[in-house]
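Starting off with a structure, shown below.
The values are calculated or read from the model by the stated rules, or taken from the named source; none is laboratory data. Fair warning: this is a prediction, and the values are worked out from it, not measured in the lab. Backbone-built Cβ (ideal geometry, glycine too); neighbour counts: all protein chains shown.
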Amino acid sequence: MPPEPSPFLVALDLLGIFVFAVTGALVAVRKRLDIFGALVLAGVTGLGGGFVRDVLIGATPPAALADWRYLMVPVAGGLVTFLFHPTVGRLERGVNVLDAFGLSLFCVTGALKAVAFGLGPVPAALLGMITGIGGGMLRDVLAGRVPMVFLGHLYATPALAGAAIAVLLDRVGQPQLVVALAGFGVCLVFRLVAMVRDWKAPLPSGPASV
Amino acid sequence: MPPEPSPFLVALDLLGIFVFAVTGALVAVRKRLDIFGALVLAGVTGLGGGFVRDVLIGATPPAALADWRYLMVPVAGGLVTFLFHPTVGRLERGVNVLDAFGLSLFCVTGALKAVAFGLGPVPAALLGMITGIGGGMLRDVLAGRVPMVFLGHLYATPALAGAAIAVLLDRVGQPQLVVALAGFGVCLVFRLVAMVRDWKAPLPSGPASV
Amino acid sequence: MPPEPSPFLVALDLLGIFVFAVTGALVAVRKRLDIFGALVLAGVTGLGGGFVRDVLIGATPPAALADWRYLMVPVAGGLVTFLFHPTVGRLERGVNVLDAFGLSLFCVTGALKAVAFGLGPVPAALLGMITGIGGGMLRDVLAGRVPMVFLGHLYATPALAGAAIAVLLDRVGQPQLVVALAGFGVCLVFRLVAMVRDWKAPLPSGPASV
């Protein structure tokens, strides 16, 4: 079992969850879902990636279910977004930058938790990526749209890169602070540059084959 | 571990599963899915909420997989609905009342199971709600539609209210019968009144923000 | 715990995963998803059924997360399909035959793993079917379409038949080779004949009831 996380890490984690929750509630508002839909999509986006990771590695009940702060933060993010969605929608560029921050955080914490539960480096990196992108994928499926992460934006690749760097540096015995900062930094810079430059993931060649 | 449930409770539980299974198969028939789709949506609607709860609290394999009656009941509900769907469809008002009964039952049993597995009051109430609404959400996702529960009907809120009441009364030491009846009654009355009065959950204000 | 599987069985398993991954990536290419979408749908289709089974029976982390070969095979299948999709698409008849092979394999291995984890015969057969069809169902939901398995093709029924035969023969003490071959053969022949003869599962009678 990993030791009790520091208050600083918990605060970072809650901030990441809050931002993800805002993106979930924005999708709900744009789909004209009701307030409950906004709260559920907020919760699913904020906590879903970690739930999938914890269920797959057998760390049940997920940590977020043992700590009410982890449940209240998405409620707050969802409510704020539902009530003030025209303002939040106008700030979307800023929301996307904060979302990159949440992605970078979760890919590292997810990967390191998988390592702490005994998984090998390849699955641990994969679980880090899943922790980062899983909530948004569940959000999109529940909102009735194809996951944004499949549509050419470079979103999952930065998460996988950050998770892989963290697993690698942890493997060669670097201190946790170096491990975390390197993984976080790689994902964040990669993602922000991809946003600014509008980098795209390769799409299938030629016309559709059917 | 909770003790062996009484035959009366098992019968109630199976009745709730049967009704949920009927709603699942009705969605399948209306989407022109085949008989297998009707059986799967029946099973997913009847058992899915409990499966999600059990996976999240680590109570695997889920109880329904250890008792063949829990698997046969949705098959029966799905088959009956597939074969006699014009009749079942005409009885939909009655089906909806029975569905409110199933919702009220599952939110309470789900919350109390989460408490029995050591979860705190907030997550336990949340898991009670998930037990009640999770099957219908999975049904809608598999049928290719946005979950009904997001579209302004008051459905999740009664489940959360019933679960919260049950957790609260259990917390202050009330006898199990009082706990269960109060939670069940609050959810049932709330849901039925919402149906009759056509209460709606708040929708986002103003025009869509994008 | 089941003993270490033989290299022959592992090779079969990896072949099944590869073929399922190809079908996942083909769906992604046809939906014009990016390369990452192709890899995720490849992974989800190849490994998803087994993940759902392992999570439900409490066998976490799933075997595929403890063995990097199981993670690399879908990546290879997805990449090959993404790069050469016009060719792969033309070979679709062959892909469908191999897919029937994967289905037959997974329904048997899934059912026997459930038996090994102490589940009764009815849930074990059901979990065998889920192992066979679950990956394709997740693929379709993530790609934004109603699961193919609900649309009249006889796909799930052969998987259930094969799983049931395997569980039954195992129950009466037949040797594992007989059990596996009989379940595999029943599913494969049933599925291939259904494909060739274009057998359909029953659709709902009459016009839609709403």
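Could you please find all residues in the stretch B:130-165 being in contact with a Ser or Thr (Cβ under 9 Å, 6 or more places away or on another chain), more than 22 Å from B:Val29 (Cα to Cα) and hydrophobic (A, V, I, L, M, F, W, C)?
B:Ala159, B:Ala163 - these are the residues of the stretch B:130-165 that are in contact with a Ser or Thr (Cβ under 9 Å, 6 or more places away or on another chain), more than 22 Å from B:Val29 (Cα to Cα) and hydrophobic (A, V, I, L, M, F, W, C).
When B:Ala194 is evaluated against the numbered criteria (1) within 27 Å of B:Val40 (Cβ to Cβ); (2) within 14 Å of chain A (Cβ to nearest Cβ), which criterion, by number, is the only one it fails?
Unmet for B:Ala194, out of (1) within 27 Å of B:Val40 (Cβ to Cβ); (2) within 14 Å of chain A (Cβ to nearest Cβ): (1).
Something else: Which condition number in (1) more than 8 Å from chain A (Cβ to nearest Cβ); (2) small (Gly, Ala, Ser); (3) buried (at least 24 other Cβ atoms within 10 Å of the Cβ) is the one that C:Ala28 fails?
Of everything listed in (1) more than 8 Å from chain A (Cβ to nearest Cβ); (2) small (Gly, Ala, Ser); (3) buried (at least 24 other Cβ atoms within 10 Å of the Cβ), C:Ala28 misses just condition (1).
Right, next: For the stretch C:147-169, state whether one or more residues are surrounded by fewer than 24 Cβ atoms within 10 Å (Cβ to Cβ), in contact with a Phe, Trp or Tyr (Cβ under 9 Å, 6 or more places away or on another chain) and modelled with pLDDT under 90.
yes
Given the criteria in contact (Cβ under 8 Å) with a residue 24 or more places away in the chain, surrounded by 19 or more Cβ atoms within 10 Å (Cβ to Cβ) and touching a Ser or Thr at 6+ places or on another chain (Cβ under 6 Å), does C:Val88 qualify?
yes
Restricting the search to the stretch B:141-159, which residues are in a helix (DSSP H, G or I) and facing chain A (nearest Cβ under 9 Å)?
Narrowing the stretch B:141-159 to residues in a helix (DSSP H, G or I): B:141-142, B:148-150, B:156-159.
Within the stretch B:141-159, B:Val141, B:Val149, B:Phe150, B:Ala156, B:Thr157 meet the criteria.
Here's a follow-up. Identify all residues within the stretch B:116-135 that are within 12 Å of chain A (Cβ to nearest Cβ) and in a helix (DSSP H, G or I); write none if there are none.
So in the stretch B:116-135, the residues within 12 Å of chain A (Cβ to nearest Cβ) come out as B:117-127, B:129-130, B:133-134.
Across the stretch B:116-135, the qualifying residues are B:Pro121, B:Val122, B:Pro123, B:Ala124, B:Ala125, B:Leu126, B:Leu127, B:Met129, B:Ile130, B:Ile133, B:Gly134.
Search the stretch C:22-41 for residues that are under 15 Å from C:Gly135 (Cα atoms) and at pLDDT below 95 and pair each with any residue that is of a type in the set (Ser, Thr, Tyr) and surrounded by fewer than 24 Cβ atoms within 10 Å (Cβ to Cβ) when their beta-carbon atoms are under 9 Å apart and the residues are at least 6 apart or on different chains.
C:Leu26/A:Ser209
Within the stretch B:67-80, which residues are more than 7 Å from chain C (Cβ to nearest Cβ) and without any contact (Cβ under 8 Å) to a residue 12 or more places away in the chain? Write out each step before concluding.
Of the stretch B:67-80, the ones more than 7 Å from chain C (Cβ to nearest Cβ) are B:67, B:69-70, B:72-80.
Matches in the stretch B:67-80: B:Asp67, B:Met72.
Quick check on my filter: what residues within the stretch C:41-55 are buried (at least 24 other Cβ atoms within 10 Å of the Cβ) and among the hydrophobic types (A, V, I, L, M, F, W, C)?
C:Leu41, C:Ala42, C:Val44, C:Leu47, C:Phe51 - these are the residues of the stretch C:41-55 that are buried (at least 24 other Cβ atoms within 10 Å of the Cβ) and among the hydrophobic types (A, V, I, L, M, F, W, C).
Of everything in the stretch C:152-186, what is touching a Leu at 6+ places or on another chain (Cβ under 7 Å), free of Cβ contacts under 8 Å to residues at least 60 places away in the same chain and of a type in the set (A, V, I, L, M)? Give them in sequence order.
C:Ala159, C:Ala166, C:Val178, C:Ala182
Do the conditions hold for A:Phe36, that is, is it aromatic (Phe, Trp, Tyr) and either surrounded by fewer than 23 Cβ atoms within 10 Å (Cβ to Cβ) or in contact with a Gly (Cβ under 8 Å, 6 or more places away or on another chain) (or both)? If you could, list the steps in order and put the result at the bottom.
Details: aromatic (Phe, Trp, Tyr): yes; either surrounded by fewer than 23 Cβ atoms within 10 Å (Cβ to Cβ) or in contact with a Gly (Cβ under 8 Å, 6 or more places away or on another chain) (or both): no.
No.
In addition: Restricting attention to the stretch A:12-23, does a residue exist that is surrounded by 19 or more Cβ atoms within 10 Å (Cβ to Cβ) and over 27 Å from A:Phe190 (Cα atoms)?
no
Within the stretch C:191-210, which residues are surrounded by 20 or more Cβ atoms within 10 Å (Cβ to Cβ) and either over 20 Å from the mean Cα position of the chain (by Cα) or free of Cβ contacts under 8 Å to residues at least 60 places away in the same chain (or both)?
Restricting attention to the stretch C:191-210, the residues satisfying the condition of being surrounded by 20 or more Cβ atoms within 10 Å (Cβ to Cβ) are C:191, C:201, C:204.
Passing the criteria: C:Ala201, C:Pro204.
Residues checked against (1) more than 19 Å from the chain's Cα centre (by Cα); (2) of a type in the set (Phe, Trp, Tyr); (3) within 16 Å of C:Ala11 (Cβ to Cβ):
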residue: C:Val52; (1), (2), (3): no, no, no
residue: C:Pro62; (1), (2), (3): no, no, no
residue: C:Ala66; (1), (2), (3): yes, no, no
residue: C:Val73; (1), (2), (3): no, no, yes
residue: C:Ala76; (1), (2), (3): no, no, yes
residue: C:Leu83; (1), (2), (3): yes, no, no
residue: C:Pro86; (1), (2), (3): yes, no, no
residue: C:Glu92; (1), (2), (3): no, no, no
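Further question on the same structure: Restricting attention to helices (runs of 4 or more DSSP H) lying wholly within the stretch B:1-104, give those where 2 or more residues are closer than 23 Å to B:Ala161 by Cα.
It comes to B:7-30, B:35-57.
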